[in-house]
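The values are calculated or read from the model by the stated rules, or taken from the named source; none is laboratory data. Computed from a predicted model, the values in this text were never measured in an experiment. Because the Cβ atoms are built from the backbone with ideal geometry, glycine has one as well, and the counts that use them run over all protein chains shown. SASA here: full protein model, heavy atoms, side chains in, ligands and nucleic acids out. Shrake-Rupley method; radii C 1.70, N 1.55, O 1.52, S 1.80 Å.
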Amino acid sequence: MKIKSLIVFLILFLFGCSNNKPKDEKLVTVQEEREYLQKYGTSLSLDEVIEIARERNLDLRIKRLETEIASLDRKIAFGNFLPSITLGANYTKLDDPINLEMGLPSLPPLPSALPLPPEIGGLLSKLPKSIETKLVDESFQTVGIAAQIPIFVPSTWYLYSARKKGEDISKLAESFADKMLQLQVMSEYFYILALESERETLVNNLKSSEELERKAEVSLKVEGILDWELKKVQTLVESQKISLNKNERELKIAKMKLKRTLNLNLQEDIVLEKIDTKVVELPSLEECVYNSLNGNELLKIREKGKEINTDIKKIAITNFLPKIILGGGYLNNSNSTLADPDLLFGHVSGVLSIFNGFKNVNEYKKAVRREKIGELTLEKQFMTTVLEVTRAYDNVETAQEFLNMAEKNYQAEMGRLKQKSAEKRVEMIGEEEYYKALAEYNTALSLKEKAQYQYEMAYGALSIAMGNNPLRGGK
């Protein structure tokens with residue numbers, strides 16, 4: 001009865017473990033996607049776009065699953081410290097029962113001087129020469145449960161340590177992938193804004209050229225210009241139309257790339273909000289390098305990789321040590337010939353590798369070299385991190401200088417546009433000169449915005465190198 005109850009418990013336990021699986025993700029329809037975006041309003045800010053990307057991006061979701069797998073690997077390695085329990089059952093059916101036949105010794109001859117009665121003599125003549133007894137039933141079943149636990153298996157300790165560090169590496173890789181995704185979203189976001197700003201310049205340039213073309217056509221009628229001069233102006237108008245059409249195509253592709261990163265429908269249009277850049281005071285280069293050496297994910301990953309190689313070397317050393325395992329269990333046999341059908345047993349087993357073709361020796365040599373590779377890789381990553389931080393720091397300073405220059409140029413063109421607008425109101429200038437001034441203002445505005453985007457990207461790259469989020473003030 002006890003063994004049957006144990007069997008039922010183990011079956012229910014196994015069924016419970018089999019039902020522990022991740023939830024299936026259903027495909028999102030276009031309507032559901034539109035309803036999902038409604039909570040962000042008619043336009044998307046940079047913070048909102050990054051929030052959507054961190055929630056929906058496929059690459060980041062893959063990284064999260066890889067982190068979960070690394071966590072499961074650690075739990076699997078921890079299972080080596082726990083006892084393993086196995087349940088077994090066997091049923092045997094024979095065509096005939098197995099009997100054991102034993103021969104009986106023959107009686108010595110009686111002396112002739114001792115006559116026996118006839119009935120005793122007949123009884124002795126009927127005694128069998130052998131005896132037969134049942135050894136195994138025709139059908140029987142065996143049910144048992146066994147357990148074993150490692151007492152001294154050092155490799156399991158270092159295997160768990162390596163898996164734990166592997167889980168830490170997966171978490172660092174996920175964090176780094178999250179920050180790189182934010183930087184990618186910023187790059188695609190700013191590129192779209194730059195194209196939209198450039199489009200305003202192209203539109204005003206086209207208006208100015210079309211006004212010039214209109215004047216050229218009037219001049220040709222009064223023979224003020226030659227025919228080829230009109231064709232030259234028409235060529236200018238066509239080239240600016242081509243530039244405007246090219247800008248629209250590039251803008252369409254840029255939005256599709258951003259929507260692919262956000263895992264949104266590529267055919268749905270999105271409206272992005274402009275950003276306001278504020279220049280911040282940079283810390284010293286030495287402080288940035290110090291922060292990067294303490295917070296850079298790639299450097300931490302290399303450090304963990306070196307520690308894993310050390311654990312692998314220790315595992316190779318444990319191959320020279322004995323492994324001791326404690327085991328035991330319970331058996332129940334339905335064979336009726338047994339006096340006691342229940343059996344408890346226990347054992348202690350030990351294994352020591354004496355010679356296996358120098359496999360253990362070569363594994364140890366290989367592990368030593370892997371550890372050396374880890375040390376050299378860490379040293380290389382250390383120098384690479386210092387170089388990348390220095391380069392990113394210089395890029396921020398350069399981008400800040402360009403931003404200051406673009407801001408001054410924008411202020412100058414804005415003052416010029418105000419003057420041209422006043423002159424146009426009193427008809428001192430015509431449409432052509434006004435649209436030309438407006439186009440130059442839009443060009444200055446576009447250059448200023450591009451300088452802002454370049455500064456934000458440079459500062460974001462420096463922040464990632466120091467282990468921070470690329471978006472300043474972002475979540």
The lone condition Leu471 fails out of (1) farther than 27 Å from Glu286 by Cα; (2) at pLDDT below 90; (3) not basic (Lys, Arg) is (1)
Top-ranked residue in the stretch 263-292 [being among the acidic types (Asp, Glu) and either surrounded by 17 or more Cβ atoms within 10 Å (Cβ to Cβ) or touching a helix residue (DSSP H, G or I) at 6+ places or on another chain (Cβ under 8 Å) (or both); ranked as modelled with the highest pLDDT]
Glu273
Conditions: (1) in a helix (DSSP H, G or I); (2) exposed (fewer than 13 other Cβ atoms within 10 Å of the Cβ). Ile354 meets all but one. Number of the miss?
(1)
Of all residues in the stretch 218-238, which are under 19 Å from Lys436 (Cβ atoms) and among the small types (Gly, Ala, Ser)?
Ser219
For the stretch 180-192, check the following and say yes or no: at least one residue is among the aromatic types (Phe, Trp, Tyr), more than 30 Å from Ile62 (Cβ to Cβ), out of contact with any Leu (no Cβ under 8 Å at 6 or more places or on another chain) and assigned to a helix (DSSP H, G or I).
no
I'd like the residue in the stretch 197-220 that is under 43 Å from the mean Cα position of the chain (by Cα) and touching a residue at least 60 places away in the same chain (Cβ under 8 Å) and, out of all such residues, is farthest from Leu258 (Cα to Cα).
Thr201
Any chance the stretch 402-415 includes a residue that's at negative phi, in contact (Cβ under 8 Å) with a residue 60 or more places away in the chain and open to solvent by less than 40 Å² (accessible area, probe 1.4 Å)?
yes
Suppose we keep only residues that are among the hydrophobic types (A, V, I, L, M, F, W, C) and surrounded by 13 or more Cβ atoms within 10 Å (Cβ to Cβ) within the stretch 43-64. Which one would you say is nearest to the chain's Cα centre (by Cα)?
Leu60
For Leu299, indicate whether it is open to solvent by less than 30 Å² (accessible area, probe 1.4 Å) and within 30 Å of Trp157 (Cα to Cα).
yes
Quick one: in the stretch 28-41, which of the residues that are under 16 Å from Lys259 (Cβ atoms) and in a loop (DSSP other than H, G, I, E, B) is modelled with the highest pLDDT?
Tyr40
By residue number, the members of the stretch 212-262 that are aliphatic (A, V, I, L, M), open to solvent by 40 Å² or more (accessible area, probe 1.4 Å), part of a helix (DSSP H, G or I) and more than 29 Å from Glu33 (Cα to Cα) are Leu212, Val218, Leu220, Leu236, Ile242
Please determine whether any residue of the stretch 10-21 is over 30 Å from Lys274 (Cβ atoms), among the polar types (S, T, N, Q), open to solvent by less than 80 Å² (accessible area, probe 1.4 Å) and at pLDDT below 90.
yes
Where the second residue is of a type in the set (A, V, I, L, M, F, W, C) and not in a helix (DSSP H, G or I) and the first is in contact (Cβ under 8 Å) with a residue 40 or more places away in the chain and open to solvent by less than 30 Å² (accessible area, probe 1.4 Å) and lies in the stretch 174-196, which pairs have Cβ atoms under 6 Å and are six or more apart or on separate chains?
Gln182/Leu471; Ile192/Leu272
Is it the case that some residue within the stretch 389-398 is in a loop (DSSP other than H, G, I, E, B) and open to solvent by 50 Å² or more (accessible area, probe 1.4 Å)?
no
Using beta carbons and a limit of 6 Å, which pairs, at least six apart or on different chains, have the first residue in the stretch 61-90 and under 30 Å from Gly327 (Cα atoms) and the second one basic (Lys, Arg) and surrounded by 13 or more Cβ atoms within 10 Å (Cβ to Cβ)?
Asp73/Arg163; Arg74/Arg163; Arg74/Lys164; Ala77/Arg163
Reported set for the stretch 302-344 where residues are aromatic (Phe, Trp, Tyr) and within 30 Å of Asn99 (Cβ to Cβ) is Tyr330
Scanning the stretch 306-344 for residues that are assigned to a loop (DSSP other than H, G, I, E, B), over 12 Å from Tyr158 (Cβ atoms) and at pLDDT 90 or above, the one least open to solvent (accessible area, probe 1.4 Å) turns out to be Pro322
Verdict on Ser292 being assigned to a helix (DSSP H, G or I), out of contact with any Leu (no Cβ under 7 Å at 6 or more places or on another chain) and farther than 30 Å from Leu181 by Cβ:
no
